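First up is the structure itself, then whatever we jot down about it.
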Amino acid sequence: MDTETSTQPLIAGYDGVVCDLDGVVYRGPDAVPGAPKALQDIVARGVRVVYATNNASRVPTEVATQIADLGAPATASDVVSSAQAGAARLAADLPPGAAVLALGGEGVVEALRDAGLVPVAAARHQPGPGADEVAAVLQGFGKELRVRDFERAARLLSSGLPWVATNDDATLPLPWGQSPGNGAYIELLVAVVGRRPDVVGKPHPPLYRLALDRLGTVAARTLAVGDRIGTDIVGAEATGLDSAWVLTGVDRPSDLVASESSPTYVVVSLADLLTPYAAPVADAGGWRCGAARVELDADHLVVEHGSADPVEVVRAGLAALLASRDEGAPSEHLRRAAATLDRLFDDSPTPTR
Ligand SMILES: [Mg+2]
């Protein structure tokens, strides 16, 4: 949030982008307006883009096809999945060709195979004499998993085998609401075997490190873009990457002030990466950004915005709130004050430009 204002597009400071998908590139079946064109323009500038996804159930070709069908540049090698990060973690420790129980969907099976390991489907694994010598377990979300598959995993894990999980998102958003995600299924096994897996997906660094390998860029010249504070922004911070928090997804300013994170940039959408970034600056007890000036007074924000763009108000307001948060201001005051920014954004006629 202390970045200086430049006349260059924001993206000019970077050689690579680690881009989140849901809430950034698409929402459900539809593209976020302007996102595919922005990605085309970013790639046309010579900046590399990879898409990092915690979704371990889908294979990269399927994800890339969805992105490309929306008009954004993507091939399978541009998709970095938590299943691939999990398989890479195991391949670093196991001999080539080692058998790994694939407790997950096709994404987990394919990632293990591509990493030179032999996936053993939980449904086909019969413990006992003559069974495959399974050397580890990779757990990811799989819609077809059954109780019996978890029984087999529990039996193997009870003997102390290495256990890697693709991601620990407790919930999986579906059109009707929240369904159990891989994190919930991890807890099911934790309750039985009494230990926890190594988790590689966001917000844990291994997925970001795999993305950096794929990009061939250094962390200092790589930008992570995402909509969720607890996964995308926390993960970027844990890996030492600058981050751009986009407002086209689920989290709102009140979610940010309730966290311990401070994204490097607050942008409306991916299109803002192609314009100069107006950073907030401290201004006599308040914060200024472009034409907006915001001051925190106890539990509410005093906003002077004149002709300011709503995102300038959000940036100045968040700078005020995060500065107070980091000085230990009461969190209920900050949340109440942040509601002003939530409403401002929600009232905005168009969240994307
Ligand atoms: Mg997202």
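The values are calculated or read from the model by the stated rules, or taken from the named source; none is laboratory data. Given the structure is predicted, the values throughout are model-derived calculations rather than measurements. All Cβ positions, even for glycine, are placed from backbone atoms using ideal geometry, and neighbour counts span all protein chains on display. These accessible areas exclude ligands, DNA and RNA; they are computed on the full protein's heavy atoms, side chains included. Shrake-Rupley method; radii C 1.70, N 1.55, O 1.52, S 1.80 Å.
Remarks
- Index of the failed condition, L210 passing every other in (1) in the same structural domain as G28 (by TED's automatic domain parsing); (2) at positive phi: (2)
- Residue list for the range 257-276, filter: open to solvent by less than 30 Å² (accessible area, probe 1.4 Å) and among the charged types (D, E, K, R): D272
- Whichever residue in the range 69-112 is of a type in the set (S, T, N, Q) and not in a helix (DSSP H, G or I) and, among such residues, is surrounded by the most Cβ atoms within 10 Å (Cβ to Cβ): S81
- Filter pass, D272 being away from the ligand (no atom under 16 Å from the Cβ), farther than 15 Å from R335 by Cα, out of contact with any Gly (no Cβ under 9 Å at 6 or more places or on another chain) and without any contact (Cβ under 8 Å) to a residue 24 or more places away in the chain: no
- Looking only at the range 169-179, and only at residues there that are within 18 Å of the chain's Cα centre (by Cα) and open to solvent by 60 Å² or more (accessible area, probe 1.4 Å), the one that is farthest from L207 (Cα to Cα): Q178
- The one condition in (1) touching a residue at least 40 places away in the same chain (Cβ under 8 Å); (2) away from the ligand (no atom under 15 Å from the Cβ); (3) not polar (S, T, N, Q) that A35 fails to fulfil: (2)
- The range 9-32 - residue that is in contact with a Phe, Trp or Tyr (Cβ under 8 Å, 6 or more places away or on another chain) and β-branched (V, I, T) and, of those, farthest from the ligand (Cβ to nearest atom): V18
- Within the range 241-256, if we keep just the residues that are assigned to a helix (DSSP H, G or I) and open to solvent by 10 Å² or more (accessible area, probe 1.4 Å), the residue that is farthest from the ligand (Cβ to nearest atom) turns out to be S254.
- Against the criterion of being touching a strand residue (DSSP E or B) at 6+ places or on another chain (Cβ under 9 Å), at positive phi, free of Cβ contacts under 8 Å to residues at least 24 places away in the same chain and not assigned by TED's automatic domain parsing to the domain that holds A244, G285 qualifies.
- Whichever residue in the range 204-234 is within 11 Å of the ligand (Cβ to nearest atom) and of a type in the set (G, A, S) and, among such residues, is surrounded by the fewest Cβ atoms within 10 Å (Cβ to Cβ): G230
- Residue, farthest from D20 (Cα to Cα), within the range 180-203, restricted to residues that are aliphatic (A, V, I, L, M) and open to solvent by less than 70 Å² (accessible area, probe 1.4 Å): V193
- Across the range 222-240, the qualifying residues are those that are touching a strand residue (DSSP E or B) at 6+ places or on another chain (Cβ under 8 Å) and not in a helix (DSSP H, G or I), and the one among them that is nearest to L212 (Cα to Cα) is T222.
- Subset of the range 1-59 [closer than 12 Å to S269 by Cβ and of a type in the set (K, R)]: R27, K37
- Total residues in the range 188-203 satisfying the condition of being within 16 Å of the ligand (Cβ to nearest atom) and either small (G, A, S) or modelled with pLDDT under 95 (or both): the figure is 1.
- In the range 13-68, of all residues being of a type in the set (S, T, Y) and assigned to a helix (DSSP H, G or I), the one that is surrounded by the most Cβ atoms within 10 Å (Cβ to Cβ) corresponds to T65.
- Among all positions in the range 312-333, there is no residue which is in a strand (DSSP E or B), among the β-branched types (V, I, T) and in contact (Cβ under 8 Å) with a residue 40 or more places away in the chain.
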